[in-house]
Amino acid sequence: MATIKANSYNIYIGDKSFDALNTFLTKNKYSHYYIICDEHTFEFCLPTLLFHAPLLNEAEIIELESGEDKKTLETCLQVWGALTDTGADKKSLIINLGGGVISDLGGFVASTFKRGIDCINIPTTLLSMVDASVGGKTGVDFEGIKNHIGTTAEPKGIFINPTFLETLSERQIKNGFAEIIKIALIADSVFWKELKKLKSTTEFSSEKIITKAVELKNTIVKKDLHETNIRKSLNFGHNIGHALESALIKQNKDVLHGEAIAAGMIMETEIAQSLKRISVKEQKEITDYIRSIYKNIKITKDTESQLLQYILHDKKNEGDDLCFALPKGVGAYELYCGVKLDLIKKAISNY
């Protein structure tokens, strides 16, 4: 089992993460346990968790509907209501058992209930293992804008058990792998070379790959928890990717976060090349690899129009300047403010 030290908590990765969880629960005396899950983790993951962590057999289960479109303040109201109705207090613990939606929403609920109670994350998807559960960002979507309302509040622990991934489809594994590609491109050229050799989803989600991706993200977060500097690098692919995801969800189109981010990385890589931050050769290398894994997303004129509106409202912007985290060569990044809308439109058109 790998143990990674974050700012104020530990991240445990491997089959023995359940042992670490039991040690944590025994050491910390909580008055109530609450497990937040969705219908999928309720069926496929909760029984495994309760078997390996018997202290949680008396926990209150709060089951939510799955889907990004359920990551709203309305859902938070339901959870806050359930906590209140069952007597949750300041010494209660929330356990987020699920993917990115559960860790984002559950973390936000915990950070605001009674001005903050403890939570831990037990991620069950590759996306949440390598990205969403790590780093203390919480939040919900508002008026179609991704993570528009949220807090920065670190969990008390993250317990990553790759065996949960056995229940995932190939599409869901690829969904999380996009964030692994991202972290390599902005933080570690050697890791990028390693990723390019991987061929199967089994390789994409190995414990070794998960551990390396988490280590890279954790190193960045420890330096810049509140995203004033280097943590902005983690937004590569997300200006256009988040906007595309929001636009397609609004149209009730079937899209996963990682699929939108993969498209966002292709388009933002073109912007980086246009601004001479990377070479044509590097652009082709990045684009060819991403396209070898992810299908193209059709962007209609209506989608493009909505997409551009979401980009203009992106929380990463500074005043009227559109700010993008762009690769500067492979394995490094540069925050570039002042990206012109025409350049974005061109990248969308070429995609």
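The values are calculated or read from the model by the stated rules, or taken from the named source; none is laboratory data. No experiment lies behind these values; they were computed from the predicted model shown. When we count neighbours, we look across all protein chains shown, and the Cβ atoms used for this are built from the backbone with ideal geometry, even at glycine. Ligands, DNA and RNA are stripped out before the accessible areas are found, and what is left, the full protein with its side chains, is counted by its heavy atoms. Shrake-Rupley method; radii C 1.70, N 1.55, O 1.52, S 1.80 Å.
Condition check ((1) in a strand (DSSP E or B); (2) touching a helix residue (DSSP H, G or I) at 6+ places or on another chain (Cβ under 7 Å); (3) among the hydrophobic types (A, V, I, L, M, F, W, C)) across all residues:
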position: Asp69; (1), (2), (3): no, yes, no
position: Glu74; (1), (2), (3): no, no, no
position: Leu93; (1), (2), (3): yes, no, yes
position: Ile122; (1), (2), (3): yes, yes, yes
position: Leu127; (1), (2), (3): no, yes, yes
position: Val130; (1), (2), (3): no, yes, yes
position: Gly135; (1), (2), (3): no, yes, no
position: Leu165; (1), (2), (3): no, yes, yes
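Checking Thr84 against (1) farther than 23 Å from Leu168 by Cα; (2) in a strand (DSSP E or B); (3) of a type in the set (S, T, N, Q), which test does it fail?
(2)
Which of the following residues is modelled with pLDDT of 95 or more, touching a Ser or Thr at 6+ places or on another chain (Cβ under 9 Å) and open to solvent by 40 Å² or more (accessible area, probe 1.4 Å): Asp104, Asp118, Asp85?
Residue meeting the stated conditions: Asp118.
Pairs under 7 Å by beta carbon, first residue over 24 Å from Thr84 (Cβ atoms) in segment 43-67, partner assigned to a loop (DSSP other than H, G, I, E, B) and modelled with pLDDT of 95 or more, six or more apart or different chains?
Listed pairs, sorted by first residue: Cys45/Thr124.
Is at least one residue of segment 152-175 under 16 Å from Lys217 (Cβ atoms) and aromatic (Phe, Trp, Tyr)?
No, segment 152-175 contains no residue that is under 16 Å from Lys217 (Cβ atoms) and aromatic (Phe, Trp, Tyr).
Of the residues that sit in segment 220-229 and are assigned to a helix (DSSP H, G or I) and in contact (Cβ under 8 Å) with a residue 24 or more places away in the chain, which one is farthest from Asn10 (Cα to Cα)?
Ile220
Kindly establish whether Ile173 is under 26 Å from Met1 (Cα atoms), surrounded by fewer than 24 Cβ atoms within 10 Å (Cβ to Cβ), modelled with pLDDT of 95 or more and not hydroxyl-bearing (Ser, Thr, Tyr).
Here the answer is yes, as Ile173 does meet what is asked.
Name the pairs: first residue in segment 259-284 and under 16 Å from Lys182 (Cβ atoms), second residue open to solvent by less than 40 Å² (accessible area, probe 1.4 Å) and of a type in the set (Asp, Glu), Cβ to Cβ under 6 Å, at least 6 apart or on different chains?
Final answer for the pair search is Ala260/Glu245.
Given the condition open to solvent by less than 60 Å² (accessible area, probe 1.4 Å), without any contact (Cβ under 8 Å) to a residue 40 or more places away in the chain and over 29 Å from Lys222 (Cα atoms), answer yes or no: does some residue in segment 16-25 qualify?
Within segment 16-25, not a single residue is open to solvent by less than 60 Å² (accessible area, probe 1.4 Å), without any contact (Cβ under 8 Å) to a residue 40 or more places away in the chain and over 29 Å from Lys222 (Cα atoms).
Check every one of the helices (runs of 4 or more DSSP H) wholly within segment 237-326 and list those with 3 or more residues that are of a type in the set (D, E, K, R), out of contact with any strand residue (DSSP E or B) (no Cβ under 7 Å at 6 or more places or on another chain) and open to solvent by less than 30 Å² (accessible area, probe 1.4 Å).
Helices (runs of 4 or more DSSP H) meeting the threshold: none at all.
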